[in-house]
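**Q** Take this structure first; my questions come after.
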Amino acid sequence: MILLVFVCTYGAHAETGEAAWLHYAPVQDSRLYAALPGTVISLNDSVLAKSAARELLQGVSGMLRRELRVRTQKEIDASAFVIGTVTEVHRRFPDLPATEIADDAFYLKTLHHRGHTYIVIAGANERGILYGAFALLRRIAQQQSLANLDDKETPAAPIRWVDQWDNPDGSIERGYAGRSIFFDNGHVRSDLTRVSEYARLLASVGINGCNVNNVNAAADTLSTASLEELARIADAFRPWGVRMALSVNIASPQTIGHLDTFDPLDPRVEAWWKSKTDEVYRLIPDFAGFTVKADSEGQLGPSNYGRTPADAANTLARALKPHGGVVLYRAFVYNHHLDWRDPKADRARAAYDIFHPLDGEFEDNVVLQIKHGPIDFQAREPVSPLIGGLGRTNEAMEVQVTQEYTGQQRHLCFLVPMWKEVLDFHMYAEGSDLHAKPEGTPVKELIAGKSFHRPLGGMVGVANVGLDANWLAHPLAMANLYGFARLAWNPDLTPKIIAEEWTRLTFGNDPEVVKTITAMQLASWHIYESYTGPLGAGTMTDIIGVHYGPGIESSERNGWGQWHRADHDGIGMDRTVATGTGYIGQYHEPVAAMYESLATCPDALLLFMHHVPYTYRLHSGKTVIQHIYDSHYEGAEAAANLIPQWQTLKGRMDDERYEDVLNRLTYQAGHAIVWRDAISEWFLKTSGIPDDKGRAGHHPNRVEAESMQLKGYAPVDVTPWETASGGKAVICELAEPCSASFAFSGKPGRYQISAQYFDTNNGAAGFRLLINGKQMDAWTADDSLPSPKMNGHTSTRHTTSDVALQAGDTIQIEGLPDHGDKAGLDYVEIDPE
Ligand code: GCW
């Protein structure tokens with residue numbers, strides 16, 4: 001009977017991933033919890049405590065199939081879960097400590113009292129109660145015992161925010177999971193169900209703030225009409241203790257205030273910010289604050305009036321201070337019209353050059369929001385020297401959950417190990433209240449916001465979840481959102497613990513599932529890095545476009561400053577003090593000395609710090625050029641190997657998520673080959689140095705489309721050339737199918753036939769594979785990859801497995817164009833099965 005109920009409930013709902021890590025699936029061993037109390041008593045009647053109690057009911061019902069009852073606090077006479085603030089709990093159970101704990105902290109304790117068992121969740125404040133409830137449920141989901149709870153958790157820092165780069169029209173800048181959950185068509189959505197669910201997810205991992213609109217802020221964000229709508233989002237957040245913040249345009253006093261200036265030091269401008277901020281708090285009493293992107297990538301800023309970022313930030317800060325609000329002023333300020341001919345020009349220097357001299361000039365409710373690296377969320381960057389360059393200014397570190405430069409949630413790339421490296425990196429900073437410790441000052445301490453001169457600090461993750469059912473499109477990408485939040489709460493957690501925890505909560509406790517997914521996640525960043533950008537040179541993507549597929553020269557000869565400076569002789573940015581841009585001098589010793597010297601600079605960052613010839617020998621013993629070839633071949637192979645690892649999990653989870661991930665991994669393996677080939681061939685051609693292992697430029701199993709027998713198809717050049725094999729492909733410009741065919745000349749056997757085609761986003765071309773005129777496979781190029789052109793963004797692989805072939809067989813690809821999609825075909829590769 002019980003089994004029947006279980007099967008019916010489980011089978012009835014299709015798994016969409018929407019529940020994320022709050023899956024609350026039945027735990028296998030519920031005997032562990034046989035003695036749990038059946039009631040919840042809340043000593044606190046705030047909205048947040050109500051959320052906590054409801055969550056306990058929901059979680060226990062899902063995981064243990066038991067329905068808890070909420071009882072009034074008068075009836076504290078039988079075993080119960082008891083929730084309340086530390087003070088409230090102490091009043092009921094004087095044996096429990098009344099000690100003050102930090103904001104948002106909580107403790108969990110199992111108490112045996114007069115023959116009853118109480119599971120106490122005590123929060124420092126109401127948010128702490130909620131976080132405690134989620135922490136308790138997390139234990140049940142992982143099948144940990146609650147028999148002797150005695151735990152206290154304190155968040156590492158006060159600022160634990162996510163940013164969303166959502167636009168009023170409902171699009172999301174660098175969002176890869178559908179449209180905005182907040183906005184549509186110039187307005188806040190009427191149905192904010194997903195917003196409440198998002199806030200619940202965020203609260204479950206301790207996130208206490210969310211900036212909801214793009215940092216490239218719309219001019220009228222602060223208009224009264226807009227604020228009245230935005231207040232509804234804050235209402236949806238409130239039950240979960242998530243405070244809403246807004247990105248503001250620094251020119252607002254002029255654009256919507258109709259002043260003739262936005263000079264932050266003009267008294268009329270100051271008065272405008274003050275009265276606007278008062279208005280914000282009338283509508284949104286728990287408003288968190290303003291995020292500012294100014295003087296950056298075309299945004300106006302204080303420099304228009306010769307003022308500093310401190311002048312601008314302080315004007316806003318003074319308006320917010322009486323209400324308890326903060327300014328998160330982004331340090332992502334740089335000149336994107338740099339002179340690429342100038343060997344001393346360096347975008348990486350910008351944040352430090354601009355903000356270091358202002359240290360100590362900011363109001364105490366201003367926090368500098370600093371990207372973790374000095375460039376822009378590349379797959380490999382050193383830690384931003386600015387993080388160690390401030391002693392009397394609050395700082396928060398910005399990381400990117402949305403995978404802009406790391407595969408856009410089409411590639412698996414678990415970023416927690418990268419963030420963790422950054423958090424643990426020692427900056428040897430010396431500020432007025434930091435003692436130069438022999439063991440250094442790791443980033444996690446610098447951003448903790450717990451020192452006299454720096455009361456605020458923390459982490460901000462650019463999340464960009466969207467309306468897609470599972471929030472970030474790739475089911476495994478949710479581990480990045482989870483992991484970001486867990487690190488913001490506790491930077492001492494390890495990537496492995498985080499990956500395991502997330503997997504258990506999301507997919508259950510099957511040891512095979514936990515082991516396999518954890519291993520895949522932990523390997524994925526390195527895999528992605530090795531088939532994209534080598535040795536810290538940058539990701540080598542198309543940097544002026546969508547930041548997705550390869551586009552090696554796009555970074556060069558323009559003002560954006562993401563140069564790798566690869567030419568015939570060598571590669572890398574000389575950022576040394578001795579001969580380069582001097583960037584390395586922004587670090588304290590001994591970090592600066594380590595980077596400055598080739599002898600001690602780590603291989604992984606070599607090309608970020610130095611320009612070297614291709615024949616330069618790494619610490620690994622390989623030459624730079626051979627490393628480029630090897631890492632790209634190894635990386636693509638490792639990406640392909642993720643597929644069989646995942647396949648071991650078939651039947652160990654729902655089919656929906658299993659298939660979804662399998663399809664994404666298959667796509668990734670194909671695109672890793674596009675990356676591998678683009679980079680290997682480009683460096684082969686540019687350096688003229690062959691691959692020791694003879695792989696680059698040699699593809700014995702490949703037949704180029706342009707050399708097949710073509711009917712209707714016509715050869716074209718592809719730009720950039722390295723994104724198509726041999727620089728060419730064929731396209732069909734007819735209204736009927738075109739075909740490309742050739743005779744198989746290998747040994748008889750069973751083969752995999754891979755067609756490399758271009759899936760542009762301006763139509764859905766149809767493809768067929770025929771052997772001797774008989775259809776073996778058919779597919780449609782209907783993905784929405786980010787380009788209408790044939791290039792590294794759209795090049796895609798379709799593999800047909802287990803095809804019997806003998807010499808003389810005709811292999812034919814037929815392409816039927818659709819709208820702008822001309823059924824572009826690059827090559828066919830035939831590999832033994
Ligand atoms: O990474 C770059 C992105 C921009 C973004 C900018 C920023 C919101 O390509 O899309 O703009 O950073 O962080 O401000």
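**Q** Could you give every pair whose Cβ atoms fall below 8 Å, whose first residue belongs to segment 453-466 and is assigned by TED's automatic domain parsing to the domain that holds Ile172 and touching a residue at least 24 places away in the same chain (Cβ under 8 Å), and whose second residue is of a type in the set (A, V, I, L, M) and within 12 Å of the ligand (Cβ to nearest atom), counting only separations of at least 6 or pairs across chains?
**A** Close Cβ pairs satisfying both conditions: Met459/Val399; Val460/Val399; Gly461/Val399; Val462/Val399; Asn464/Ile172; Gly466/Ile172.
Per-residue answers, yes or no, for (1) under 26 Å from the mean Cα position of the chain (by Cα); (2) open to solvent by 50 Å² or more (accessible area, probe 1.4 Å):
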site	(1), (2)
Ile673	yes, no
His698	no, yes
Gln709	no, yes
Glu722	no, no
Ser725	no, no
Cys732	no, no
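**Q** Of all residues in segment 477-496, how many are closer than 23 Å to Pro158 by Cβ and in a helix (DSSP H, G or I)?
**A** Summing the residues that are closer than 23 Å to Pro158 by Cβ and in a helix (DSSP H, G or I) in segment 477-496 gives 10.
**Q** Same structure, new question: Tell me which residues, restricted to segment 1-53, are part of a helix (DSSP H, G or I), touching a helix residue (DSSP H, G or I) at 6+ places or on another chain (Cβ under 9 Å), modelled with pLDDT of 85 or more and not aliphatic (A, V, I, L, M).
**A** Hits for segment 1-53 are Tyr33, Lys50, Ser51.
**Q** Output the residues belonging to segment 632-654 that are touching a residue at least 40 places away in the same chain (Cβ under 8 Å), assigned to a helix (DSSP H, G or I) and open to solvent by 10 Å² or more (accessible area, probe 1.4 Å).
**A** Listed by number, the residues that qualify are Tyr633, Glu634, Ala638, Gln645.
**Q** Among the residues of segment 552-604, write down those that are within 18 Å of Tyr428 (Cβ to Cβ), in a loop (DSSP other than H, G, I, E, B) and not aliphatic (A, V, I, L, M).
**A** Residues satisfying the conditions are Tyr587, His588, Glu589, Pro590, Ser597, Thr600, Cys601, Pro602.
**Q** Condition test on Val242, is it aliphatic (A, V, I, L, M) and within 20 Å of Phe484 (Cα to Cα)?
**A** The answer is yes for Val242.
**Q** Just give me the residues in segment 195-222 being more than 16 Å from the ligand (Cβ to nearest atom), over 25 Å from the mean Cα position of the chain (by Cα) and open to solvent by 30 Å² or more (accessible area, probe 1.4 Å), in sequence order.
**A** Within segment 195-222, Asp220 is the sole residue that qualifies.
**Q** Scan segment 542-592 for residues that are open to solvent by less than 40 Å² (accessible area, probe 1.4 Å), of a type in the set (Val, Ile, Thr) and within 16 Å of the ligand (Cβ to nearest atom) and jot them down.
**A** Ile543
**Q** Of the residues in segment 721-772, how many are in a loop (DSSP other than H, G, I, E, B) and of a type in the set (Lys, Arg)?
**A** Looking only at that region, the number is 1.
**Q** Separate question: Name the residues in segment 283-302 that are within 15 Å of Phe262 (Cβ to Cβ) and within 16 Å of the ligand (Cβ to nearest atom), would you?
**A** Scanning segment 283-302 gives Phe290, Val292, Lys293, Ala294, Asp295, Gln299, Leu300, Gly301.
**Q** Tell me which of these Trp240 doesn't satisfy, since it passes every other one: (1) open to solvent by 10 Å² or more (accessible area, probe 1.4 Å); (2) touching a strand residue (DSSP E or B) at 6+ places or on another chain (Cβ under 9 Å).
**A** The single condition Trp240 does not satisfy is (2).
**Q** Would you tally the residues in segment 374-385 being in contact with an Asp or Glu (Cβ under 7 Å, 6 or more places away or on another chain) and away from the ligand (no atom under 11 Å from the Cβ)?
**A** Matching residues across segment 374-385 total 3.
**Q** What tally of residues in segment 30-64 results from selecting those that are touching a residue at least 60 places away in the same chain (Cβ under 8 Å) and basic (Lys, Arg)?
**A** Summing the residues that are touching a residue at least 60 places away in the same chain (Cβ under 8 Å) and basic (Lys, Arg) in segment 30-64 gives 1.
**Q** Which residue pairs have Cβ atoms closer than 7 Å, lie 6 or more positions apart in sequence or on different chains, and pair a first residue in segment 331-347 that is in the same structural domain as Leu300 (by TED's automatic domain parsing) and in contact (Cβ under 8 Å) with a residue 60 or more places away in the chain with a second residue that is loosely packed, with under 11 Cβ neighbours inside 10 Å and not small (Gly, Ala, Ser)?
**A** Within 7 Å, the pairs are Trp340/Arg557.
**Q** Residue check, Thr441 against (1) assigned by TED's automatic domain parsing to the domain that holds Glu421; (2) polar (S, T, N, Q); (3) crowded, with 24+ Cβ neighbours inside 10 Å, all met but one. Which one?
**A** So Thr441 meets the others, but not (3).
**Q** Taking the criterion of being out of contact with any Phe, Trp or Tyr (no Cβ under 6 Å at 6 or more places or on another chain), under 19 Å from Phe332 (Cβ atoms) and open to solvent by 40 Å² or more (accessible area, probe 1.4 Å), would at least one residue in segment 282-298 satisfy it?
**A** yes
**Q** Among the strands (runs of 3 or more DSSP E) lying completely within segment 95-194, list those that include at least 1 residues that are under 24 Å from Val40 (Cα atoms) and open to solvent by 50 Å² or more (accessible area, probe 1.4 Å).
**A** Hits in segment 95-194: 106-113, 116-123, 150-153.
**Q** For segment 778-798, how many residues meet the condition of being assigned to a strand (DSSP E or B) and surrounded by fewer than 17 Cβ atoms within 10 Å (Cβ to Cβ)?
**A** Summing the residues that are assigned to a strand (DSSP E or B) and surrounded by fewer than 17 Cβ atoms within 10 Å (Cβ to Cβ) in segment 778-798 gives 3.
**Q** May I ask you to list pairs of residues, at least six apart or on different chains, whose Cβ atoms are under 7 Å apart, with the first in segment 374-402 being of a type in the set (Gly, Ala, Ser) and the second being within 16 Å of the ligand (Cβ to nearest atom) and modelled with pLDDT under 95?
**A** Listed pairs, sorted by first residue: Ala379/Gly533; Ala379/Thr539.
**Q** Among the residues that make up segment 182-193, is at least one of them within 30 Å of Pro97 (Cα to Cα), under 24 Å from the mean Cα position of the chain (by Cα) and in contact (Cβ under 8 Å) with a residue 12 or more places away in the chain?
**A** No, the conditions are met nowhere in segment 182-193.
**Q** Could you please find all residues in segment 387-405 being touching a helix residue (DSSP H, G or I) at 6+ places or on another chain (Cβ under 9 Å), more than 15 Å from the ligand (Cβ to nearest atom) and not in a loop (DSSP other than H, G, I, E, B)?
**A** The answer is Ile387, Gly388, Glu395.
**Q** What's the number of the only condition in (1) open to solvent by 20 Å² or more (accessible area, probe 1.4 Å); (2) more than 14 Å from the ligand (Cβ to nearest atom) that His336 fails to meet?
**A** The one condition His336 does not meet is (2).
The values are calculated or read from the model by the stated rules, or taken from the named source; none is laboratory data. It should be emphasised that the depicted structure is a prediction, and the values quoted were computed from it without experimental measurement. When we count neighbours, we look across all protein chains shown, and the Cβ atoms used for this are built from the backbone with ideal geometry, even at glycine. Ligands, DNA and RNA are stripped out before the accessible areas are found, and what is left, the full protein with its side chains, is counted by its heavy atoms. Shrake-Rupley method; radii C 1.70, N 1.55, O 1.52, S 1.80 Å.
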